[in-house]
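Take a look at the structure below.
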Amino acid sequence: MDIASKYDPKNTEQKWYDFWIENRFFASKPDHRTPYTIVIPPPNVTGVLHMGHMLNNTIQDVLIRRARMRGYNACWVPGTDHASIATEAKVVRKLREEGIKKGDLSREEFMKHAWEWTHKHGGIILQQLKKLGASCDWDRTSFTMDEKYYQSVIDTFIDLHRKGKIYRGERMINWDPVAKTALSDEEVIYKEGLGKLYHVSYKVVGSDEVINIATTRPETILGDTAVCIHPNDDRYKHLHGKKVIVPLVNREVPIITDEYVDMEFGTGCLKVTPAHDTNDYDLGKKHQLEVINMMNDDGTVSEAGKLYIGMDRFDVRKQIVEDLKSSGNLIKVEDYQNKVGHSERTDAVIEPRLSLQWFVDMKDLGKPALDHVMNDDIKFYPPKFKNSYRNWMENIKDWCISRQLWWGHQIPAWYTGDGQYAVASSLEEAHAQLLLKNPSLKKEDLKQDPDVLDTWFSSWLWPISVFNGFYSKEEINYYYPTQDLVTAPEIMFFWVARMIIAGYEYMGEKPFTNVYYTGIVRDKQGRKMSKSLGNSPDPIDLIEEYGADGVRVGMLLTSPAGNDLPFDVSLCEQGRNFANKIWNAFRLVNGWESRTENRAMTGSDEVAIRWMKSRLQQVLEEIDDDYEKFRISEALMSLYKLVWDDFCSWYLEMIKPGFEQNMSRETFEATRSIFENLLKILHPFMPFLTEELWHHLNERKSADEAIVVSAWPMRVAYDKTILENFKEFEEIVTAIRNVRKTQNIPNKESITLKMFSSASFDSPFTDNIIRLCNISSIDKVNESDKSWTSFMVDSNEFFIPMSSNADMEAEKERIIKELDYTKGFLASVMKKLGNEKFVNSAPPAVVESENKKRQDAESLIRVLEEKLVSLG
RNA sequence: GGGUGAUUAGCUCAGUUGGUUCAGAGCACUACCUCGACAAGGUAGGGGUCACUGGUUCGAGCCCAGUAUCACCCACCA
C-alpha cells in the first residue's frame, strides 16, 4: 500500500463523520447503563461559529467522547436559543434595509418575518459544529421556541405567579431606547468614558442668591422636581425650606435635605430628577416629589419636558448647554471620568426609566442555589468563581423579565380595559378567572400582554425542558441531573445561576454536577476576539487549513479552566504537526507488517515493549487523574509527549529492525496493540485521525468495532522499576550522542564503550544502548581510563575513546567548567551537612540524599581532575 | 469604592502537605543533520535572583506581613 507522507484531513473528516451518523453512535436513549449527559450552551439560533464556541464545544466533545468510550450512555444535547433581543434586532435591521418599518407591521406579520429569518439562518452554527466533529445526539436538537419548550416557559411563568414569586410592578428599570425595551440589570454593561460635569446655577426664590448644582446629564433638568442638600451642610443651612427655580423651564421646586448627599462631591448640591435616575427616584418617593417623565421610549423629549419636544436626548444635551450659557446659568464645565451603562445587545446608552414591568422575586428562590454551590454539591472549575457566585447570590435583586419585544414567549397575562388582569394558560382561562370579579366581562374585551419574556427566562429551563421534563418523567428521570456544563464565566449570572435556581425549584435537584468555565479567546495582543475588531479567524477556515483535529489540539494545548486563551494560528499548526507525526508513526509500523517473521522476539524488544506498556499505563493513570480534575490541557500535553517522545522517539527507534531485516511477529503484534491503545486515548482529542488509523491498523469487520465506541484502555498494574531503568538508559544514550557530537564522531562509526562502576551496573537496556548508539562492545573495567573521554550517570562512569577529530582545547575547557561547578555544588552540600541543626531536624531520607550528593560530587571531581591531568 | 485572582525562561503555563525526582513543560531560539516513517522531521544545546521588601525556619517558588504592577467581577455617587 502506498501511503502519502503527509496526513490529509480532507480524506477522512467527512467520511468518518458520515459513518458515525449512519451508525447512530451519537444517539442516546435511556437504558441500563449509567448516563453521562451534557447539555450544550445553546448558541443564538441565527449566530455563526466563533472561536469561543470552538473552545467550548471542543472541550464538551472531548468529555463526551471519553465518557462514551468508558461505557457510559453518553448524551450530548445540542440546540439553539431564540435570543429574543439579538434576533429581533437583526430582523428589524434587515426589514429596514428592505424599507419596512417594524411599526408598520402587525405582530403576526413581524413574527412571520422573524420565523423566516430563523429558518434561513437557524442551524448554520449546528452544521458548523459537525465540521468540528461534535458528537451531539442530533435527533435531540432543541430550540427554545419549540412548541413543547414554549409551553414549559409559559407554564413556569404561570406557576411562579401562582406561588407569588412573579409580580407586576412599576419600578425604575434599565431602558434600551434603541430596542425600546426594558432590560435586566445583567444586560447592562458599564463602560468607563470621559464625560463632562456641568455646573448649573438655580435661582433661589425670593432672594438674589443662586445655588449651584453639578450634573453629568443637563438634559434631565427638564424633569427636575427638587434640589437636594445635606442637612448638616453649613453652606446651605439658611436655605432649608426654600424653593429654587429650575432654569429654562422656570419651574419652582423645593430644596430638600437628605443624608444621601455627599457634601464633598461637586458643589454638595444635587438636582433631583425622579423619573430618570434610580437614586433620584428613591429620593422622590421618600420626599413625595412630583415625577415628571420628560422622555419618550425612543429617547426623545416628551410633551412633559415642555422644551425641545421630539428632540433626541443627545441633541438636547448639546442644545441645553448652549441655552444655559446664553441664560447665564452655566457656571463651568469640567472633564469627568464616569461610567455609563450600555445595552449588552444594541450598545445603546441605557436610560433609567420608570416603567410597569414583570419581575421575579429572587430572594427565596436563590437560597438553595447558593448553598449547593458553596457546599460543592455543584463543583465549579476553577473554584475561584464560587466567590463571585456567592457575591451575586447574596445580593441578588429581583429579575425584570418582561421585554417590549415580539420575538419570544408572549407573557400569559390578559388585561381588561380598566387595569385588572389575570395570568392564565389561555384567553378562556383568563376570562373565567376575571368573570368571578366582573360577571359582565366579555372575552373580546381582554387583551393579552404584548410583551415577551427575557431570553434567559426560557434558557434557565434548558437542562429540564430539553428532556421534556415538565411533562414526562421518562427521560428526565434518567438523564437529570446532567454531569458537566461547559460555559463562559460571562454568563454565570445570566444563565448558570438561574439554571441552578430553576433546577432546585422544579426538579428538587441540581441541574449538573460540574461547571467548567472556559476563558476568553484573545488575539496575540491580548484583545478579545470579536467580530467588530475583525481579529477573529473564521473557525471553518482554520479547519480547512489545519484539519479539525489540528484545530482541536491547538485550542486545547494551552487553555486551563478559567484562563484566557491567547490564541495564535501557530497552535493549530502544532496540532496539525502532531497529527502528521502520528500519521507517520502509523506509516512506519504499517510498513513492518509485511516484514515480520515467526520467531521469538529479541531481548531488547522484550525490554522495550515492557517499558512502553508500563509507560503507557503510567501516563494513562496521570491522564485519568487530569480528567477527574478537569485539567484537559495537561492531559493533552501528557499524551502529546507520550506519543511523540516515548512512543516515536524512543520505543519505535528501539524496535526498528535494521536495513533489510525482519521483525518478530510477536514484536509487531505488541506494537500494534500499543498503538491501538494510544489511538484510543487520543480519540477524544483527535477523533477523525484516530478513526482513520484505527481501521488501517487492523481490519475492523463490523461498524461496531469503530474506535468511537471502543472501550477506553484498562488500567492494570505496571512495572515501575523498568521506568526507573529507562531514565538511566535515556541519560546514557543522550550522553553518548552528546560525546559523538562534541567530538565529531559520525553516527555511522561504531565505537567502544567502557564502563567503570563502583556498584553493580546491570541495565536491562544494555542491548538497546548498543543498538541505538552504534556501540561495538561495552567493556566493564575496574579503573578509570584517563586517556578516554568520560561522562557520569549516577555513580557509574562511562568512557569513549577520544576521537582524532576531537577538539582538545574545547574538551579541556568543558572539563574545567564542569569542575568549577561541581566544586561549588559540593561546597554547598558540605555546608548543609556541617549544620548540626539540619542533620538533627531534617528527615533521614533528606540527609541521606545529601550524603549521596556529596559522594557523587566527590567522585566526579576526582574523575575530572584526573582527566585534566591526562589532557596536559 | 468593595471583592477575587495573578506575577516562575522570549511566549503560554505546570509546580498538590516547605526538604531526593525543585527550578520544570510545550512552543520559540542556536548548532549540526536530507540517516529507508515524518524537514509539518531528527540529534544536541543555550536560556530564569521564581515581581519587590522584610519575616518565620536548619531549609522558602511554596508559609506570614507589606509594596508594586496587571487582570477580572460587583457597586446608584450627582
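What are the pairs with Cβ atoms under 7 angstrom where one residue, in segment A:159-179, is more than 14 Å from A:Ile350 (Cβ to Cβ) and the other, located anywhere, is β-branched (Val, Ile, Thr) and buried (at least 16 other Cβ atoms within 10 Å of the Cβ)? Sequence gap at least six, or different chains.
What qualifies is A:Leu160/A:Ile166; A:Leu160/A:Val360; A:His161/A:Val423; A:Lys165/A:Val360; A:Ile166/A:Val360.
Which of the residues that make up segment A:9-31 are among the charged types (D, E, K, R), more than 18 Å from A:Ile707 (Cα to Cα) and surrounded by 12 or more Cβ atoms within 10 Å (Cβ to Cβ)?
A:Lys29
May I ask you to list pairs of residues, at least six apart or on different chains, whose Cβ atoms are under 6 Å apart, with the first in segment A:1-24 being under 11 Å from A:Phe688 (Cβ atoms) and within 16 Å of RNA strand B (Cβ to nearest atom) and the second being among the small types (Gly, Ala, Ser) and assigned to a helix (DSSP H, G or I)?
A:Tyr7/A:Ala579; A:Glu13/A:Ala548
With the condition kept exactly as written, say whether any residue in segment A:318-336 is within 47 Å of the chain's Cα centre (by Cα), among the hydrophobic types (A, V, I, L, M, F, W, C), under 21 Å from A:Thr181 (Cβ atoms) and within 16 Å of RNA strand B (Cβ to nearest atom).
Checked against the condition, which is being within 47 Å of the chain's Cα centre (by Cα), among the hydrophobic types (A, V, I, L, M, F, W, C), under 21 Å from A:Thr181 (Cβ atoms) and within 16 Å of RNA strand B (Cβ to nearest atom), segment A:318-336 yields no hits at all.
Listed here are the residues, each with its yes/no results for (1) touching a Pro at 6+ places or on another chain (Cβ under 7 Å); (2) among the β-branched types (Val, Ile, Thr).
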| residue | (1), (2) |
| --- | --- |
| A:Leu689 | no, no |
| A:Asn725 | yes, no |
| A:Glu731 | no, no |
| A:Thr734 | no, yes |
| A:Asn738 | no, no |
| A:Pro746 | no, no |
| A:Thr752 | yes, yes |
| A:Ser763 | no, no |
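Collect the residues in segment A:235-268 that are crowded, with 21+ Cβ neighbours inside 10 Å and modelled with pLDDT under 90, keeping them in residue-number order.
Those that are crowded, with 21+ Cβ neighbours inside 10 Å and modelled with pLDDT under 90: A:Tyr236, A:Val261.
Within segment A:734-747, how many residues turn out to be surrounded by fewer than 18 Cβ atoms within 10 Å (Cβ to Cβ) and within 8 Å of RNA strand B (Cβ to nearest atom)?
7
Only one of these conditions is not met by A:Lys531: (1) without any contact (Cβ under 8 Å) to a residue 40 or more places away in the chain; (2) away from RNA strand B (no atom under 16 Å from the Cβ); (3) assigned to a loop (DSSP other than H, G, I, E, B). Which number is it?
Against the list (1) without any contact (Cβ under 8 Å) to a residue 40 or more places away in the chain; (2) away from RNA strand B (no atom under 16 Å from the Cβ); (3) assigned to a loop (DSSP other than H, G, I, E, B), A:Lys531 comes up short only on (1).
Which residues, taken from segment A:171-200, are at pLDDT 90 or above and among the acidic types (Asp, Glu)?
Within segment A:171-200, just A:Asp176 meets the criteria.
Mind checking whether some residue in segment A:201-208 is within 13 Å of RNA strand B (Cβ to nearest atom), crowded, with 16+ Cβ neighbours inside 10 Å and in contact (Cβ under 8 Å) with a residue 60 or more places away in the chain?
yes
Going through A:Glu783, A:Glu731 one at a time, which residue ends up being among the acidic types (Asp, Glu) and exposed (fewer than 14 other Cβ atoms within 10 Å of the Cβ)?
Answer to the check: A:Glu783.
Working only within segment A:67-97, note down all residues that are buried (at least 23 other Cβ atoms within 10 Å of the Cβ), part of a helix (DSSP H, G or I) and among the charged types (D, E, K, R).
A:Arg68, A:Glu88
Could you please find all residues in segment A:105-134 being more than 30 Å from A:Tyr504 (Cβ to Cβ), in a loop (DSSP other than H, G, I, E, B) and touching a helix residue (DSSP H, G or I) at 6+ places or on another chain (Cβ under 7 Å)?
Of everything in segment A:105-134, just one residue is more than 30 Å from A:Tyr504 (Cβ to Cβ), in a loop (DSSP other than H, G, I, E, B) and touching a helix residue (DSSP H, G or I) at 6+ places or on another chain (Cβ under 7 Å), namely A:Gly133.
Exactly one condition in (1) out of contact with any helix residue (DSSP H, G or I) (no Cβ under 7 Å at 6 or more places or on another chain); (2) closer than 26 Å to A:Glu509 by Cβ is false for A:Lys397; which is it?
Result: A:Lys397 fails condition (1) only.
Got a sec? Which strands (runs of 3 or more DSSP E) wholly within segment A:739-822 have at least 3 residues that are in contact (Cβ under 8 Å) with a residue 60 or more places away in the chain?
Passing ranges, in order: A:788-793, A:796-801.
Looking only at residues that are within 6 Å of RNA strand B (Cβ to nearest atom) and at pLDDT 95 or above in segment A:567-587, which one is farthest from A:Asp523 (Cα to Cα)?
This residue is A:Arg587.
Taking segment A:588-621 as the search range and keeping residues that are buried (at least 16 other Cβ atoms within 10 Å of the Cβ) and within 11 Å of RNA strand B (Cβ to nearest atom), which one is nearest to A:Leu652 (Cα to Cα)?
The selected residue is A:Val589.
Within 9 Å of RNA strand B (Cβ to nearest atom), at pLDDT below 90, assigned to a helix (DSSP H, G or I) and among the charged types (D, E, K, R): does that describe A:Asp282?
Yes.
Show me the helices (runs of 4 or more DSSP H) found entirely inside segment A:425-502 where at least 2 residues are over 19 Å from A:Tyr149 (Cβ atoms) and touching a strand residue (DSSP E or B) at 6+ places or on another chain (Cβ under 7 Å).
A:427-435
Take the residues in segment A:831-872 that are of a type outside the set (A, V, I, L, M) and not in a helix (DSSP H, G or I); name whichever of them is surrounded by the fewest Cβ atoms within 10 Å (Cβ to Cβ).
So the residue we want is A:Gly872.
Go through the residues of segment A:291-308 one by one and say whether even a single one is more than 26 Å from A:Ala348 (Cα to Cα) and of a type outside the set (Gly, Ala, Ser).
No, segment A:291-308 has no match at all.
So, in segment A:370-392, of the ones that are within 16 Å of RNA strand B (Cβ to nearest atom) and within 18 Å of A:Tyr506 (Cβ to Cβ), which residue ends up surrounded by the fewest Cβ atoms within 10 Å (Cβ to Cβ)?
Only one residue fits best here, namely A:Leu370.
Using the structure shown, decide if A:Asp445 is of a type outside the set (Gly, Ala, Ser) and modelled with pLDDT of 95 or more.
no
Do we find a residue being more than 13 Å from RNA strand B (Cβ to nearest atom), among the aromatic types (Phe, Trp, Tyr) and in contact with a helix residue (DSSP H, G or I) (Cβ under 8 Å, 6 or more places away or on another chain) anywhere in segment A:817-835?
No.
Among the candidates A:Ile100, A:Ile166, A:Ile125, single out the residue that is among the hydrophobic types (A, V, I, L, M, F, W, C) and under 30 Å from A:Asp280 (Cα atoms).
The unique qualifying residue is A:Ile166.
The values are calculated or read from the model by the stated rules, or taken from the named source; none is laboratory data. Since the model is a prediction, treat every value here as computed from it, not as a measurement. Cβ sites come from the backbone with ideal geometry, for glycine too, and all protein chains shown count toward neighbours.
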